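Here's the structure, in C-alpha cells; my notes come after.
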C-alpha cells in the first residue's frame, strides 16, 4: 500500500484496495497512534470507520465516493467526505460526526442513537429511519437541501433539521410520508411542506425558545462546515414536527 | 433447450431469485465507445455479486448489418449446433454465420460454444410481423432443441453473458474489443447455483435487454398476466418478466416509455386522488387495465433498446439507483462510485425518485427525467 | 359495551378444603380472586382467569381446580367456538387479535410421524453411561478442505463457537421476559456450556459477564445495539424473521418499557418499542451481505454471524442465498415457534413446519455443496429430546428451545404473554411479579432440563451404535416415516417404515 505518514497523520491512495484491507489499514494506523487518516481515490469501499470500536477518536478524510455503510456502528470518530456518499451513512451509529460535502443516499442515519451527521445537499429515501435517543445520547442530522420520501419513518428520538437550500421560493419540499410512524424526536423544516406530505402520526407545533437555540447552534455548525451564510438560513421560518403520540399503535389490538 | 424449465430452475422453485449490481451507459449522440469502461465499472461493484453470473449488452455493435436480426446462440454439443443450424437455415436467410470469439481464461470453467448469425426471416408474412416471427422462432429453439439456447436476437446489438464474475465474463468475451453507443452490465447474486450460461443476465428478446436488481413479490401475478398475451415465462426470473412487459407495452401496445414506466411503478392511490381530472382518469385507467403488471416489491432496472436507455426503480425505491451525466454521456448505476471511477469529470450525479424513469433518447439527444425536465433543469432537481 | 363472551375457564373451589389463607388472592396478577372479609368467602371472577394454574399449584390444600369452561354453542364443524369468540372480540374491540406462545392449531407435527432406528445384531448398540458419548458441537462456517504444508496446518478456520450439547436457548428478549428469567437462562447456559440468546431487546449490563455464552441479536429495531453490545457476545444474530410471525414486525408496548428495560434497549421509558417489519437496510440478498459484513467489520471478524429467518415457502433458496451472502449460521424458526406477542391471524396461518423446512434447506445446501459453509440451528416447538435428535438426523447442527425452557421455569402456555402480567414471573417486567423467579432455582431447573435431555440424546445415540453426534447429523437412514404421504416422505428425504 502506498502511504505517506506525517507526524500523527497519514495519507493513502485507496484506489483498488479492497475494503477489508483498507479497514485493516485504518485500524492498524489508529492502533499505532495515528490521529488523522486521509483516504484519496476512494471508489466504493464500504464500512469506513466501522472497525474502530474502543479506539480513541480519530479523524478520517475521504476524497472520492465512499461505499455503503460509511461509518456504520461508528463509535465516536469524525469522518469528512469530499464528494457524495452512497447508502447507509451512519447506519446504527453510536457516536461521532460525519460530514458530507455533497449529497447522500438512502437510509442516512438509520437507527442511529448518537452522533451528528451534516449533509451539504439533499438525502435519499428514509433518512433518520428509526433514529432514537436515550438520555444524553441524542443524534442530530442536518440536511442542507431537501430529502426524498419517508424521512423520519418510525423515528423514535433525536433531531433532524431540513434546511431546503436550493428550493425555489415557495417551492415545497420533496418528500412524502414525512415522519410516518414517528413516535419520538423532532424534525425541524425550513420552508414549505404540504399537509398531505406528512405521515399521519406527526403534528405541527409552535417553536419554543429552546427550539430556536437548537436550530441556531446546529445551523451555525452546518454553515461553518460548508461555508454558507448563517443569517440567510436562519432568516426564514421553520416548522416543527413532533409525534402526536408516544404510542401510535396503542389502540391497534384486541385481546 | 428441450427441458428449459429444469435447466433454468433445477430445484423447481416458484421462481429463481437473484439480486445484483447493474450499470448502464449511453452516448446520447450515438458515438460508439469500447467496453473497457463498463468492465471497470462493473468490476468495482464486485461485492454486490457472488460469481454466479455476469453479462453485458451492447447497442450499435454491428454497423455492417444494422437491419439483420443478429441471433446469438450457445451450444452444449456439436449435434445441437447441427440441428439448430438446419432449423435456422430453414426459417431464415443467413447472410453471415460466425463463431463468437472468446479467450480462454482460468476463471471461466467449461463454457459452451458460441455462434452468431445475421439473418432475415424466411416467411410469407408481412414485414410488420417479422418481430413476432422472430420471437416465435426464438421460443421454438429455446424450448424444442436440446442443448441450444438463443440468448440474443435483436438488431445491431448483442448480449454477452455467462457464469462467473462479470469482470471475468467480460474478459472471456473480450468486450473491450467491441464498440457501441449503449452498454449495459450485470453482476449477479442469485440465491442458488445455476451452472447454466443462459440463466445469466442481461435478458434479451428482440431489441430489448434488461438488467435488474431486486426481487419482485408480484412475480406470480405478472407471469400469469403475461401468459394471457402468449408469453412463455420459461426462465422463472423477474428479469424475463420485465423484458416481456416492456415488449408488450411498448412494442405491441405502442405505449410510450413514460407511460409504460407508470404501469410498472404506478403512483399510489393517494397521489392519484390529488391529480387533476384528466390525469386522474389516465392513471386510474392504467392501474385498472394493467394492474397485473405492477411490479410490486423492490426493483431497480436498466432497460435498453436501439436508441434508448431507461432506468427505473419501484415506486417506493427499495433498490438503489444513481444517475449521472457528463456532456454526451448518461450513466445509470446501482452505486455512484463506479461512475466516478470511469468518468472523474461527471458534471452532475443525482439519485432519482422512486418510480420516476430516467430516459436517455438518441433521437432527441437528451436525458428525460421527471417528465418535463431536460438536462439543464436537473441541477435544481433533488 | 357488554361483552357477549363467556369466561374461558371455570374455577371450582372445594369449600371443605379452602382455609381462606388467600394465597390464591395474592398469586393472581389478573385479580381473579378477592377475599370478602365480611362473609369470609373468596370470590373468583372467572372472566379474568387465563388458566395459568398458578393459584392451583400454590394452594396449600389443593382446594382449587381450574378447568376449561365446558359451555357449548350448537355444534358446528365450520363455525367452531374459537372463531365465534374471535368475531365477538373484534366486534367489541375493533382491532387485531393479539396472542402469545406458539401456534396451537392441529397442523401435522412431523416429529410424531418419524421413528428412530436402533442397532440389532449386525452392529452393537453402546451404553452411554460407561462408554464415551460425545455431544460437543462447533457452530460456524467450515472450509471444504484443510491445507497442510510440511506437516503444519495452514488453513485457519473462521471463528467457531463450541457448545457441549446441541441444545441452545432461543431468543427471549429482556422486556418481553423478566430480568430474573433472562438471568436464569444466561446462568444455565454458562453452567452447562451452551448458549442463550438475548433476543432483540439488548443485553443488560449485569449479564455481559455471560457474554461468552451469549448470542446477541441485531434486529430491525436495533434496540440496545451498539459496538460494545456486539462485541460482548459469542455470536451475533441478524434477526430477519420469527416463526410465530413471519413477515411482520413487533411492538413492545410502552407499559413494559420500565426504567431498566429502557436502559437496556436505550430508549426512553414508557415509549412503544417498535420493531419494523423488515430491517430497512436489508431489502435484498446483497443487502443482507452488506449487514453481515458490517457486523463482521464491527466485531473485527471475531464472531460467527447467524441469520435467523422464519421457515417459509422458499426457505431452501433463501438459505442458499444467505450462505452465499456470508452467514456462518442459519437459524430457521418453524410455524410452531413461540412469541411474546403476535397477531393471532399471523401466528396461526403463516409459515411452514420446521421439519419440512429443515429437510429442504439441508438437502439444497448439500446439492449446492455449500452445507459445510454454515451451521444450521432449528427452532419452533421442540418438546422433548426425541424431537431434537430427529432434527439432528434430518440435518440440523443444533436446536433452539424457548418454550420448553419457559415451561421448565413454570410457564403453562396460557398465551397471555402480551399482557405484561405473568403469574409465573417470566413474561413480565412488573417488579412484584418478576420476583417469583428465583434465579438460583430457575437456573437449576434449566440445567436439570438440559441434563435430562442430553442424557436422553446419548441413550438414543447409543442405541443406534453412534458415539459422536456428528455421525448422526444429516444421517436420514436412521429415520423412517409412519403415516406420511409420498410427497411428505420425499420432502423429508426419508423412507417409510418397513421400506
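Output the antiparallel fraction of DSSP beta bridges having both residues in the stretch A:148-255, as a percent to the nearest 5. Please list the in-between numbers first.
Details: 8 of 15 bridges.
Of those bridges, close to 55 percent are antiparallel.
Rounded to the nearest 500, the helix-only mean residue ellipticity at 222 nm of chain B stands at -7500 deg cm²/dmol, with each DSSP H run of n ≥ 4 adding -39,500 (n - 2.57). Taking every alpha-carbon pair in the stretch A:32-118 and binning the separations at 10 Å intervals from zero gives 21, 60, 19, 1 percent.
Value of Rg to Rh for the stretch B:1-52, rounded to two decimals, is 1.15; Kirkwood radius and Rg both from alpha-carbon coordinates.
Computed over the stretch C:137-496, the P(r) tail beyond 36 angstrom holds 16 percent of alpha carbon pairs.
Ignoring everything except DSSP H segments at least 4 long, calculate the 222 nm mean residue ellipticity for chain A; use -39,500 (n - 2.57) per segment, divide by total residues, nearest 500.
Using -39500 (n - 2.57) per qualifying helix, the result is -4500 deg cm²/dmol.
In the stretch C:9-95, the C-alpha radius of gyration followed by the widest Cα-Cα span (Dmax) gives 15.9, 48 angstrom. 222 nm [θ] for chain C, helices only, -39500 (n - 2.57) per DSSP H run of 4+, per residue, to 500? Only helices count here, giving -8500 deg cm²/dmol.
Over the C-alpha trace of the stretch B:220-360, radius of gyration and Dmax come out as 16.0, 48 angstrom. A simple spin-label model places the labels of residue B:254 and residue B:270 3.9 nm from each other, with each point 7 Å out along Cα-to-Cβ.
Taking the DSSP bridge list for the stretch C:137-496 and keeping only pairs wholly inside it, about 20 percent are antiparallel. Sorted into 10 angstrom bins from 0, the C-alpha pair distances of the stretch B:34-132 split as 12, 34, 32, 18, 4, 0 percent.
The label-point distance for residue B:122 and residue C:345, in a model that sets each label 7 Å from Cα toward Cβ, rounds to 6.1 nm. The antiparallel fraction among DSSP beta bridges confined to the protein assembly as shown stands at about 60%. For chain A, count the residues as N, evaluate 2.2 N^0.38 Å, and divide the Cα radius of gyration by that value, please. Compared with the compact-globule rule of thumb, chain A sits at 1.03.
Against chain C, whose longest principal axis comes from its Cα atoms, helix C:385-394 is set at around 30 degrees. Hydrodynamic radius of the stretch A:151-255 by the Kirkwood approach over all distinct alpha-carbon pairs: 14.6 Å. Relative to the longest principal axis of the Cα atoms of chain C, the long axis of helix C:179-192 lies at roughly 30 degrees. Spin-label model, residue C:471/residue B:31: points 7 Å from Cα along the beta carbon direction are separated by 7.3 nm. To the nearest ten degrees, helix A:209-226 and the longest principal axis of the Cα atoms of chain A are 30 degrees apart. Beyond 36 Å, the tail of the calculated P(r) for the stretch B:4-380 holds 17 percent of the Cα pairs.
Dividing the alpha-carbon radius of gyration of the protein assembly as shown by 2.2 N^0.38 Å (N being the number of residues), what value is obtained?
Numbers: Rg = 31.3 Å, N = 1136, 2.2 N^0.38 = 31.9 Å.
Expressed relative to 2.2 N^0.38 Å, the Cα Rg reads 0.98.
Rule-based calculations on the coordinates, nothing more; no lab input. It should be emphasised that the depicted structure is a prediction, and the values quoted were computed from it without experimental measurement. Using ideal geometry, Cβ is built from the backbone for each residue, glycine included, and neighbour counts are taken over all protein chains shown.
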